[in-house]
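Let me begin by presenting the structure, written as structure tokens, before commenting on it.
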Amino acid sequence: MQQPYPPAQGAPAAPPAPPRRPAFVVVVSLITALSALCSLIGAFIVYAGGKDFADDYLRQAMDDNPDAVGLPTGTSASEIKDMSGPLWNEAVSSLQDTISARAGIAIFVAACLLLFTVFVLRTGATWARVLITVMAVVQFILPHTLILGDQPPNSLFLTSFLAIVLGLVALILVWLPPVGRFNKGHKQARSVHFRPV
């Protein structure tokens, strides 16, 4: 006697689709990218301005706060430049080297922030959020706090200030629950997709 055919098996269930990107994750990524963009704009201002920018930087620092650079109150940068001759040019060159080095650090940190932001935007990756946190702290401590402490020209003050504020906001927002849930949804979708049959 012929055995009956086994009952038809249903088609395997399709793996769950990755979760849709929440608007909150997009906002976090934009804030992080804006922080990086402010750093890049500040670095562009430094490099494009060259020696003239460094000269203006030094003049403003002396005029705004002569006590901080050891000058008697009421002394102007123009008077110091006239009296110092070639020493002024050496001071400007030294300042240019310093602010160029800080601008280079700012570019590196900004590039890292932009790279890690891509991974947060795609999957909310935990490792990328950790590195954004590290880079936001580095950005706060190293280039921008030093720049702000030197009383830079207004353009550079604004870009550094915004880079710090937006970086610290991003540091907080990347750890809020919507980003974590987005990352968890991606992990679950991947684990079901790669589960052995």
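Please find, among PHE108, PHE119, the residue that is touching a helix residue (DSSP H, G or I) at 6+ places or on another chain (Cβ under 7 Å), assigned to a helix (DSSP H, G or I) and surrounded by fewer than 20 Cβ atoms within 10 Å (Cβ to Cβ). I'd like the intermediate steps shown before the answer.
Details: PHE108 fails: touching a helix residue (DSSP H, G or I) at 6+ places or on another chain (Cβ under 7 Å).
From the options PHE108, PHE119, the qualifying one is PHE119.
Figure legend. Inter-residue proximity from region 143-163: first residues in contact (Cβ under 8 Å) with a residue 40 or more places away in the chain and within 16 Å of ASP97 (Cα to Cα), second residues basic (Lys, Arg) and part of a helix (DSSP H, G or I), beta-carbon distance below 7 Å, spacing 6+ or different chains. Indicated pairs: PRO143/ARG102; LEU146/ARG102; ILE147/ARG102.
The combined condition, being over 30 Å from PRO177 (Cα atoms), assigned to a helix (DSSP H, G or I), at pLDDT 85 or above and not hydroxyl-bearing (Ser, Thr, Tyr), is not fulfilled by ASP67. Of all residues in region 124-139, exactly one satisfies the criterion of being surrounded by fewer than 19 Cβ atoms within 10 Å (Cβ to Cβ), more than 23 Å from GLN188 (Cα to Cα) and not aliphatic (A, V, I, L, M), namely THR133. Hey, could you check region 140-150 for residues that are out of contact with any Ser or Thr (no Cβ under 8 Å at 6 or more places or on another chain) and surrounded by 17 or more Cβ atoms within 10 Å (Cβ to Cβ) and say which is modelled with the lowest pLDDT? Among them, the one singled out is ASP150.
As a summary of the residue check, THR73 satisfies the conditions (1) β-branched (Val, Ile, Thr); (2) at pLDDT 90 or above; (3) surrounded by fewer than 17 Cβ atoms within 10 Å (Cβ to Cβ) except for the one numbered (2).
Scanning region 81-100 for residues that are of a type in the set (D, E, K, R) and either touching a helix residue (DSSP H, G or I) at 6+ places or on another chain (Cβ under 6 Å) or under 11 Å from GLY50 (Cα atoms) (or both) turns up LYS81, ASP97.
The values are calculated or read from the model by the stated rules, or taken from the named source; none is laboratory data. A quick note: this is a predicted structure, and the numbers were derived from the prediction, not measured. With ideal geometry, Cβ positions are generated from the backbone for all residues, glycine too; neighbour counts draw on all protein chains shown.
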